[in-house]
Amino acid sequence: MSIYLDNAATTPLDKESQDCIFEIYNEKYGNPSSLHKMGLDAEKIYKKNITEVGNLINAKISNIIITSGGTEGNNTGVWQVKRFKNKKKKILTSNLEHSSILKYCDFLKSKENIDIEYYDINIDGSINLEDLLNKIDKNTGLVTIPFVNSEIGVVQDVQNISKEIKEIDENILIHVDGVQGFGKLDIDVNRLNIDTMSFSSHKIHGPKGLGGLYIREPHNFFPLIYGGGQQNNLRSGTEDVPSIAAFGKTCGIAQRDLNKNYEKIKKINKRYRKLLSQNIDEIIFNGKEMNTSPYIISLSIKDIKSEVLIHFLEMDQIYISSGSACSSKKKSISTTYDAIKIPHDYVEGTIRISFGRYSKEEDAEFVVEKISKYVKEIRKMVRS
Ligand SMILES: Cc1ncc(COP(=O)(O)O)c(C=O)c1O
């Protein structure tokens, strides 16, 4: 049996969601835009399930669009800076963000003449609020905040940060990358005072290639994708009703079990941290435990190479990651690791253990025993 501990990269599909996809593909495959009964049936399924998606973050169906995933949600959220028609053309962002924000900012800078400025990150991975607020000026149109960073799991106090920003200028748009918090932490978009928030389905046992964006003011929204006018003209393209139905089901399960899962994962996290500290010397946990999501442990191990450890572990069918899946194939040091200043003899040994609904506490002993064994072997090679 494999032990899958890379749930921040992606998760297995819920059994109930799988059944749901096949049923709809086979029997209720109409296009919600069609006027006949099959179209109307598909529309009903779509509406019911998008309501479930919204319920998870306390958003109304009219404030949600379904996208192709967190990447599109982030691109679309950041794109909202265009609402100001170049009157406010600065984005404030940070090195804690996922590449779907950072690369899109690079694009906006080179092709759309948008100014991009980076606010500072504290050594524990929290946002340096003073620096962020100091960098706001009359040109600032949009600020990005990562709810939970995908590599080290740090959770930001989004409510307070957005309150402080809006106190300076209530017109500044706030986009939140909610991908690693959605369905795992208790998120109520109405409490947060934000303008857009992205989320993704495959991080919470839903289908891949699907996600969404919360939009506070749909009437002021600037679509990124144009076409047949689906989703109230906010995001065109025929809706993938079978996958959306599965996503709705997954969101319903996530909402029902949110607190129960959170407490379970917290316990598992504690067990892993304890065993890792007891069994491996010269390690650093990135981000303070109290500031990080229990679903992610980021650990830097002195004098090892994380890629080698990952391949050793896969021989025992243990799957972890060396940072976020999207950046782990790159050779350069992640911007997040750079921002929190992981020492140079530790940074290449940074691993991420990430949990999901199906993770088990009883696996911890076996996993840590294997990590500890391979760390010793790798160190012997590296240090000789
Ligand atoms: C924080 C964060 N944002 C955005 C994304 C992109 O989401 P998706 O894979 O749905 O495009 C990811 C995926 O790893 C992520 O971790």
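Derivation of every value follows stated rules applied to the coordinates shown; laboratory data play no part. Bear in mind that the values here come from a model prediction, so they are computed numbers and not experimental data. Counting neighbours? That spans all protein chains shown, and the Cβs are built from the backbone with ideal geometry, glycine included.
Run through the range 52-85 and list the trypsin sites (Lys or Arg not before Pro) located in a DSSP loop whose Cβ has at most 10 other Cβ atoms within 10 Å.
The qualifying sites are Lys85.
Mind listing the long-range amide H neighbours of Leu173? Cut-off is under 5 Å, sequence gap 5 or more, other chains count too, H placed in the peptide plane at 1.01 Å from N.
Long-range HN contacts for Leu173: Leu142, Val143.
Pairs Lys184/Lys208; Lys267/Lys305; Lys360/Lys380: which are spaced more than 25 Å apart, C-alpha to C-alpha? List each step's numbers first, then the result.
On the way: Lys184/Lys208 17 Å; Lys267/Lys305 28 Å; Lys360/Lys380 31 Å.
Distance filter (> 25 Å) returns Lys267/Lys305; Lys360/Lys380.
Principal axis lengths of the range 15-256 from Cα atoms, whole Å, largest first?
56, 35, 28
Modelled label-to-label distance, Met290 and Ile333, 7 Å Cα→beta-carbon offset: nm?
The answer from the label model is 2.8 nm.
Measuring from the lowest to the highest alpha carbon on each principal axis, how far does the range 1-120 reach, largest first, in angstroms?
Cα extents, longest axis first: 50, 48, 27 Å.
List, in the order given, every pair from Lys88/Lys163; Lys88/Lys341; Lys274/Lys302 whose Cα-Cα distance in the structure shown is over 23 Å. All intermediate terms of the calculation are to be shown ahead of the outcome.
Numbers: Lys88/Lys163 20 Å; Lys88/Lys341 32 Å; Lys274/Lys302 18 Å.
Over 23 Å apart, Cα to Cα: Lys88/Lys341.
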